[in-house]
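Student: Quick one: this structure, given as structure tokens, is what I'll be asking you about.
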Amino acid sequence: MIRTGNGFDVHAFAENRKLFLCGTEIPCDEGLLGHSDADVAVHALIDAILGALALGDIGMWFPDHDDAYLDIDSMILLEKVLADPRVAAWKILNCDLTIIAQKPKLGAYREAMRRNLAEYMKLAVDQISVKFTTTEHLGFTGRGEGIATIASVTLEK
């Protein structure tokens, strides 16, 4: 049996925050606003996994009104999802993420992001795709107000 899922997440930039994408700290003068560390890429990935298995969404699993998740590393949230027996019963075949950001430039961090996700997910690096695009200065990402991510996964049982 094969399942596919997709996820989408958005976070606005905020001062006095660190920027994390795919669990990788990115040097930037702003981070992302959120209850957790606001790793928009990991949040979209979690939603893709949960969506593939019809298990809800990240907000249901880790509500932003629960202080247990305040400033938590999103990679810990990913680990919790992957450890759930309903998810662990499936094999992740691949993950494909598109990070949409006008700033900062992210190309130099692609391989670190892929390696980090592969390590946490116990996958080969070639099962993880991380791509970057801008919106040509259109919309909130184009104005430099935040970052969005689209994620897709394929799972097999």
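Student: Could you tell me which of I150, V125, Y109 has its Cα farthest along the dipole of the chain towards the positive end, charges placed at Cβ (Lys, Arg +1; Asp, Glu -1), taken about the Cα centre?
Tutor: Working it through, the farthest residue towards the positive pole turns out to be V125.
Student: Another one. Among W61, W90, which comes first, second and so on when ranked by fewest other beta-carbon atoms within 10 Å? Present the calculation step by step, with values, prior to reporting the outcome.
Tutor: Numbers: W61 16, W90 19.
Least crowded to most crowded, the residues run W61, W90.
Student: Could I ask something else about it? Near K122, which lysines are there with a Cα under 24 Å away, not counting those fewer than 8 places off in the same chain?
Tutor: K80, K91, K131, K157
Student: Please list 111-118, 47-54, 65-72 highest first by mean number of surrounding beta-carbon atoms within 10 Å per residue.
Tutor: Result, highest mean Cβ count within 10 Å first: 47-54, 111-118, 65-72.
Student: Arranged by the count of other C-beta atoms within 10 angstrom, fewest first, what order do D96, D84 take?
Tutor: So the residues, fewest neighbours to most, are D84, D96.
Student: Any chance you could check the Cα centroid distance between the stretch 34-54 and the stretch 121-140 for me, in angstrom?
Tutor: Result: 14 Å between the Cα centres.
Student: Helix-derived [θ] at 222 nm for the chain: sum -39500 (n - 2.57) over DSSP H runs of at least 4, divide by residue count, nearest 500?
Tutor: One gets -8000 deg cm²/dmol as the mean residue ellipticity at 222 nm.
Student: Starting from the exponent 0.38 and prefactor 2.2 Å, build the expected Rg for the chain from its residue count and divide its actual Cα Rg by it.
Tutor: On the way: Rg = 14.7 Å, N = 157, 2.2 N^0.38 = 15.0 Å.
Normalised Cα radius of gyration, the chain: 0.98.
Student: May I ask you to sort S74, S152, S129 by Cβ crowding, counting other Cβ atoms within 10 Å and putting the fewest first?
Tutor: Going from sparsest to densest Cβ surroundings: S129, S152, S74.
Student: Where nothing but the Cβ of Lys and Arg (+1) and of Asp and Glu (-1) is charged, how large is the charge dipole of the stretch 2-156 around its Cα centre, in debye to the nearest 20?
Tutor: In total the dipole reaches around 560 debye.
Student: Place +1 on the Cβ of every Lys and Arg and -1 on the Cβ of every Asp and Glu in the stretch 18-106, take the dipole about the Cα centre, and give the residue among T98, A44, T24 whose Cα lies farthest towards its positive end.
Tutor: T98
The numbers here are math on the coordinates, done by the rules we state, and not lab data. No experiment lies behind these values; they were computed from the predicted model shown. Here the Cβ is made from the backbone with ideal geometry for all residues, glycine too, and neighbour counts use every protein chain on show.
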